[in-house]
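Shown next, in structure tokens, is the structure this report addresses.
The values are calculated or read from the model by the stated rules, or taken from the named source; none is laboratory data. Computed from a predicted model, the values in this text were never measured in an experiment. Don't worry about glycine lacking a Cβ; one is built from the backbone with ideal geometry, like all the others, and counts go over all protein chains shown. Keep in mind that these areas ignore ligands, DNA and RNA; they rest on the heavy atoms of the full protein, side chains included. Shrake-Rupley method; radii C 1.70, N 1.55, O 1.52, S 1.80 Å.
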Amino acid sequence: ARIKHWYLKAYDANSEGDPVDLVPSNVPPDQPLPFSLRVDEGGLSSTLNNAIYRTSQSGSTITFEYEDASGLRVRKVFALDPESYVITFTADVRQGDRVINPHVQWGPGLGNVGATSGGGSFFTGNYVQPPQAIYHDGEDVERIAAASVPEQPVYDGTFQFVGVHDHYFLAGAVNPGQARVEYRPVTLPARDDPAEQRHLLAHTYLFPQPASALKFYFGPKAF
């Protein structure tokens, strides 16, 4: 019940015509995938992210459900907009009669394009801005370089949008209202040349209430 690949069919990542994938490849298993859930109770996070979910689909809405003998019940819903790059996401986690409000983890991003210092794509080299934190607080758009994130990794506020962007693409929550966002720089070997490095930026959301019909944008910038 997480996103392993997010291909943009209208954008080529290389001269072979492979589509851009906004989920990085060859990421270590200890790094979360987009829409992983994290809770502060024992090994429950591992269950939430590694359990086998029952799936159902209605049109462009996909529902994942899990339940076990301990009383844990999880329901994750992804409603995709076929005309845009917007995902409407709902997470309902319950332990017996108790509602649990999980963190929504995005994991390292954005993809491989622009995450290395060079390469053979239009999206690399001098055209590239590496991933940065970005948010709009209703007055200004703020951009935080990955190197500056350790100085202040956590931001609380009422956002019009908040997430991670690079030169061409953006992943983030749209009009989430009050939210807490934590950023974390991640450096990984390059996909094709281990001597190079990919400089990525992971982020995690916590909303005052469990995620219900929240909108996320995962696609190209449309200026």
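A cut-off under 12 angstrom between Cβ atoms defines the neighbours of Pro19, and their net charge, with Lys, Arg +1 and Asp, Glu -1, is -3. Near Thr63: Cβ cut-off under 10 Å, other residues only, Lys/Arg at +1 and Asp/Glu at -1. The net charge is +2. Computed from the C-beta positions of Ala195 and Ala222, the FRET efficiency with R₀ = 30 Å rounds to 0.25. Using only alpha carbons, the chain has a radius of gyration to Kirkwood radius ratio (Rg to Rh) of 0.96.
Can you sort Trp106, Trp6 by 1.4 Å-probe accessible area, starting with the largest? Could you put the intermediate results ahead of the total?
On the way: Trp106 5, Trp6 50 Å².
So, going from the largest accessible area down, we get Trp6, Trp106.
The chain: longest stretch without exposed trypsin sites (Lys or Arg not before Pro) (DSSP loop, at most 14 other Cβ within 10 Å), sites themselves excluded?
That gives 5-220 as the longest site-free run.
Among residues other than Glu151 with Cβ under 15 Å from its Cβ, the summed charge is 0 (Lys and Arg +1, Asp and Glu -1).
Apolar share of the accessible surface for the chain: 48 percent from carbon plus sulfur atoms, 1.4 Å probe.
Taking His136, His203 and ordering them by how much accessible surface each has at a 1.4 Å probe, largest first, produces His136, His203.
At full extension, Leu80 and Gln129 could sit 14.8 nm farther apart than now, given 0.36 nm per residue minus the alpha carbon distance. Cut-off 10 angstrom, C-alpha nodes, Gaussian network model of the chain. Which of Ala171, Ala69, Ala190 fluctuates the most? Of the options given, Ala69 has the highest mean-square fluctuation. All C-alpha pair distances within the range 135-185, sorted into 10 Å bins from zero, spread as 25, 60, 16 percent across the bins. For the range 80-92, the Karplus equation 6.51 cos²θ - 1.76 cosθ + 1.60, evaluated at θ = phi - 60°, returns couplings of 9, 9, x, 9, 8, 10, 9, 10, 9, 10, 10, 10, 10 Hz by residue, with Gly and Pro reported as x.
Rg then Dmax, both in Å and based on the Cα atoms of the range 136-223: 14.2, 43. Identify the residues of the range 1-40 with backbone N under 19 Å of a label point that sits 7 angstrom from the Cα of Val154 along the Cα-to-Cβ direction, or state none. So the set is 37-40. Each principal axis of the Cα cloud of the range 1-114 was evaluated for its coordinate range; sorted largest first, these ranges are 53, 33, 20 Å.
Counting only DSSP H runs of at least 4 residues, each contributing -39500 (n - 2.57), and dividing by the residue count of the chain, the helix-based mean residue ellipticity at 222 nm comes to -1000 deg cm²/dmol.
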